[in-house]
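Enquirer: Please find one structure pasted underneath; my questions will follow.
Every number in this text was worked out from the coordinates using simple rules, so none of it is lab data. Note that the structure is a prediction, hence the values are computed from the model and not measured. Glycine also receives a Cβ, built like all others from the backbone with ideal geometry; neighbour counts cover every protein chain displayed.
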Amino acid sequence: MSHADPRLIVALDLPTTDAAWSLVESIGETASYYKIGLQLFPLGGMELCRKIKATDKQVFLDFKLHDIPATVEKATRSITTGGADLLTIHAEPAVMRAAVAGREGTDLKLLGVTVMTCYDDAMLAEMGYAYGARDLVLRRVEQSLEAGVDGVVASAHEAKEIRERFGDDLLIVTPGIRPAGADIGDQKRVATPASALADGASHLVVGRPINAAPNPRAAAAAIVSEIADV
Ligand code: C5P
């Protein structure tokens, strides 16, 4: 039996909390960290978070908060009651400062979403931004650290530069991971688990290569063994 690697986060992108819980049970001891996103949030995602936390595993709530500061602070405070380990917020300074205030006194760590990977330079210009995607990512990483946020979500392609510029302390959580030979689906820029870690990611988010595999436990075990020496 393979043991969990705390750097591997399995995305529970499934239609119901029952399906998500079945996946957690079938993966067993092979993974210890799960991501719950907006798909499950309105269907009992917070109860699922509590249930997973009751088994001593870790939970990443990928809710990407973005609202006026007073609401972000109160929402973050509410979310801390679920005992999750990680929460995403949009990496705008006022939003991040509010989330930092809302999690005060708890162990919840915050991750800034710098620039969504669905945006390119032309779309950012259309939205009124003066920076292109790369420069805006770097500026927002800097602002995340200034605000007291613990890290960022970044593609493996951005991770290396972020790690080099901002040092070893921040968390860099990287989606878009595909083991060699896996179906890349709708992801455009993918990296293997080992290369993403070598480029500076602290955690990997893996969805379909595990949650849509015929044998999710075996798929998770293969990734755990691929990264064992990295
Ligand atoms: O199935 P797959 O491995 O592509 O899932 C990746 C997970 O990471 C999904 O939950 C997706 O929403 C999330 N994500 C992403 N790209 C981002 C941010 C989050 O794929 N830039």
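Enquirer: For residue 142 and residue 213, what is the calculated FRET efficiency with R₀ set at 35 Å and r taken between the beta-carbons, to the nearest 0.05? Please report the intermediate quantities before stating the final value.
Expert: On the way: r = 38 Å, r/R0 = 1.08.
According to the calculation, E is roughly 0.40.
Enquirer: Another one. Please work out how much length the chain gains when fully extended from residue 16 to residue 67, using 0.36 nm per residue of separation minus the C-alpha to C-alpha distance, in nm with one decimal. If you can, show how the numbers build up before the last one.
Expert: Working: separation 51, 0.36 × 51 = 18.36 nm, distance 2.66 nm.
Stretched out fully, the residue 16 to residue 67 stretch lengthens by 15.7 nm.
Enquirer: Under a 10 Å cutoff between Cα atoms, tell me which one of 69, 15, 93 has the largest fluctuation in the Gaussian network model of the chain.
Expert: Residue with maximal mean-square fluctuation among 69, 15, 93: 15.
Enquirer: Moving to a separate point now. May I ask you to derive the relative contact order of region 8-227, considering only C-alpha pairs under 8 Å and at least 6 residues apart, and to give it as an integer percent?
Expert: After rounding, I find 19 percent.
Enquirer: Calculate for the chain the 222 nm mean residue ellipticity that helices alone would give, adding -39,500 (n - 2.57) per DSSP H run of length 4 or more and normalising by residue count, nearest 500 deg cm²/dmol.
Expert: -12000 deg cm²/dmol
Enquirer: So if I place +1 on the C-beta of Lys and Arg and -1 on the C-beta of Asp and Glu, and nothing else carries charge, what would the dipole magnitude of the chain be about its Cα centre? I want it in debye, nearest 20.
Expert: Details: 23 positive and 31 negative charges, 63 e Å.
Rounded to the nearest 20 debye, it is 300 debye.
Enquirer: Report the equivalent ellipsoid semi-axes for the chain in whole Å, largest first, defined as the square roots of five times the eigenvalues of the gyration tensor built from alpha carbon atoms.
Expert: Numbers: eigenvalues 141, 97, 50 Å².
The equivalent ellipsoid of the chain has semi-axes of 27, 22, 16 Å.
Enquirer: Report the FRET efficiency, 1/(1 + (r/R0)^6), for residue 161 and residue 104, where r is their Cβ-Cβ distance and R0 is 25 Å, rounded to 0.05. Mind dumping the intermediate values first?
Expert: Values: r = 31 Å, r/R0 = 1.24.
With a Förster radius of 25 Å, E is 0.20.
Enquirer: Please report the spacing between the Cα centers of region 93-109 and region 38-81 in Å, no decimals.
Expert: Each part reduced to its Cα centre gives a spacing of 13 Å.
Enquirer: Roughly how many Å is it from the Cα centre of region 4-18 to that of region 140-192, as a whole number?
Expert: Region 4-18 and region 140-192 have Cα centres separated by 18 Å.
Enquirer: Also: Could you give each residue of region 66-76 its phi-based ³J(HN,Hα) in whole Hz, using Karplus coefficients 6.51, -1.76, 1.60 with θ = phi - 60°, and x for Gly or Pro?
Expert: 7, 7, 5, x, 4, 6, 4, 4, 5, 5, 4
Enquirer: Once amide H atoms are placed 1.01 Å from N in the peptide plane, what residues at a sequence separation of 5 or more from residue 171, or on another chain, have their amide H within under 5 Å of its amide H?
Expert: Distant-sequence amide H within range of residue 171: 151, 152.
Enquirer: Moving on. List every residue whose amide H lies under 5 Å from the amide H of residue 11, counting only residues 5 or more places away in sequence or on a different chain, with H placed 1.01 Å from N in the peptide plane.
Expert: For residue 11, whose amide H was placed from the backbone, the distant partners under 5 Å are 35, 206, 207.
Enquirer: Another question, if that's okay. Spelling out what I want: for every residue of region 91-102, take phi, set θ = phi - 60°, compute 6.51 cos²θ - 1.76 cosθ + 1.60 (Karplus), and round to whole Hz; glycine and proline get x.
Expert: Coupling constants for region 91-102: 7, 9, x, 5, 5, 5, 4, 5, 5, 4, 5, x Hz.
Enquirer: While we're looking at this one, here's another question. By how many nm would the segment from residue 230 to residue 129 lengthen if fully extended, with 0.36 nm per residue of separation less the alpha-carbon distance? Walk me through the numbers on the way to the answer.
Expert: Working: separation 101, 0.36 × 101 = 36.36 nm, distance 3.75 nm.
Value of the extension gain: 32.6 nm.
Enquirer: Residue 58's amide H: which non-local residues (gap 5+, or another chain) put their own amide H closer than 5 Å, with H modeled 1.01 Å from N in plane and none for Pro or chain starts?
Expert: Long-range HN contacts for residue 58: 33, 34.
Enquirer: Determine ³J(HN,Hα), in whole Hz, for all residues of region 4-14 in sequence, where each value follows from phi through the Karplus function 6.51 cos²θ - 1.76 cosθ + 1.60 and θ = phi - 60°; x replaces Gly and Pro.
Expert: Using θ = phi - 60°, the values come out as 5, 10, x, 7, 9, 10, 8, 7, 8, 8, 10 Hz.
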